[in-house]
Amino acid sequence: MRARYGVPLGITAVGAAGLAYAAGFEVRSFRLRRVTVPVLPRGMRPLRIVQVSDIHMVGGQRKKQRWLQSLAGLRPDFVVNTGDNLSDPGAVPETLDALGPLLEFPGAYVFGSNDYYGPKLRNPARYLLERASGRHGLNGNAPAVGAIHNPWEELRDGFDAAGWANLTNTRATLKINGYEIALTGLDDPHIKRDRYAEVAGGPQQGADFSMAVVHAPYLRVLDAFTADGYPLILAGHTHGGQLCVPFYGALVTNCDIDPGRVKGLSTHRAGGRTAFLHVSAGCGTNRYTPVRFACPPEATLITLTERDA
């Protein structure tokens, strides 16, 4: 009897313990990632960016709200929000309240699919199937039917009122410490809202520094930004894999980027050029899959320094 049932019961117990850890502790174990990127022209003073991404706010998430508010204590030079702020149509006020202290700093933002549409319950195995087939989001899949529309306009209006630059398929500049920082952004490639032709042409002439921003790091977008000469691209969307295997890493990325670059700093090559890429693992989850394993929720303090001679 023991030999027959002992192993299955042991596996069940380990699985239950892992689920309890993933849903009860790690998903609320917020971390700050610190990254240094040598991309600035020679002679420029360092710049500090706080990147927040994939907040997926649900009403009542007080610990997440307090943690986001605390990030203002880092005193960044500017803030970049790479989208997917919502996982609850009624959470716009709480999202704006959580980001309120950061809204006091210069900033810019792009939206992700979950800013526009409410979450749906999905079989997690579909992410593995999509990875195997190379079909993600609306890229090769049928259009969504019966989607819940989030009040993204209210979120946009709140960001705009604070002076953050809307980078939806457009360009903007920020005046930071006497420097002109040019940013080029795209709407979410995951749902085919990106329009690179509207922003093509490379870094802004005359700016002290130019960088690119997008929610989902699809290869077509990374290729275009890199070939155009942008030295740095910021993205989110992947959740760092969300459910990772310890000592191995992510199994899925929810886009066509490889798992080895699912979060953190890496490089991307296209058109004979190389760009730094930073992908945030984000600090939230879809409300229907509120778990993380071996991939704690995060924001990032990115320090830009002079590039190598």
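The values are calculated or read from the model by the stated rules, or taken from the named source; none is laboratory data. What you are looking at is a predicted structure, and each value in this text was computed from that prediction instead of being measured. Neighbour counts are summed over all protein chains in view; Cβ atoms, including those assigned to glycine, are modelled from backbone coordinates with ideal geometry. These accessible areas exclude ligands, DNA and RNA; they are computed on the full protein's heavy atoms, side chains included. Shrake-Rupley method; radii C 1.70, N 1.55, O 1.52, S 1.80 Å.
A few points about this structure:
- Couplings for region 42-52, taken from phi via the Karplus curve 6.51 cos²θ - 1.76 cosθ + 1.60 with θ = phi - 60°, read 4, x, 7, 6, x, 10, 10, 10, 9, 9, 10 Hz in order; Gly and Pro are left as x.
- Taking 0.36 nm per residue of sequence separation and removing the Cα-Cα distance, the ARG126/GLU104 pair yields an extension gain of 3.9 nm.
- Taking label positions 7 Å along the Cα-Cβ direction at both SER133 and VAL245, the computed distance is 2.3 nm, reported to one decimal.
- Point-to-point label distance, THR36-ARG307, nm (Cα→Cβ direction, 7 Å offset): 1.9 nm
- Taking the chain and dividing mean pair separation by its residue count, relative contact order in percent (alpha carbons under 8 Å, at least six apart): 27 percent
- Taking trypsin sites (Lys or Arg not before Pro) as exposed when DSSP calls them loop and at most 15 other C-beta atoms lie within 10 angstrom, the chain has its longest site-free stretch at 196-306.
- Principal axis analysis of the Cα atoms in the chain yields extents of 77, 42, 40 Å, listed in decreasing size.
- Computed over the chain with a Gaussian network model linking Cα atoms closer than 10 Å, the most mobile of PRO189, PRO290, PRO119 is PRO290.
- Stretching the chain fully between GLU180 and ALA270 yields a gain of 29.8 nm (0.36 nm per residue, less the alpha carbon separation).
- For the set THR82, THR36, THR305, the ranking by accessible area, highest first and with no ligand, DNA or RNA atoms included, is THR36, THR305, THR82 under a 1.4 Å probe.
- Dimensions of region 79-187 along the principal axes, based on C-alpha atoms and rounded to the nearest Å, stand at 49, 29, 19, largest first.
- Evaluated on region 171-263, the Kirkwood hydrodynamic radius is 14.3 Å, with distances taken between all distinct Cα atoms.
- The long axis of helix 2-24 is offset from the longest Cα principal axis of the chain by roughly 30 degrees.
- Accessible area (Å², per residue) of the chain, counting only protein heavy atoms and a probe of 1.4 Å: 44 Å²
- For the chain, carbon and sulfur atoms together expose 55% of the accessible surface, with a 1.4 angstrom probe and every protein chain in place.
- Region 153-200: C-alpha gyration tensor shape, a/c 1.5 cut-off, then a/b vs b/c: oblate
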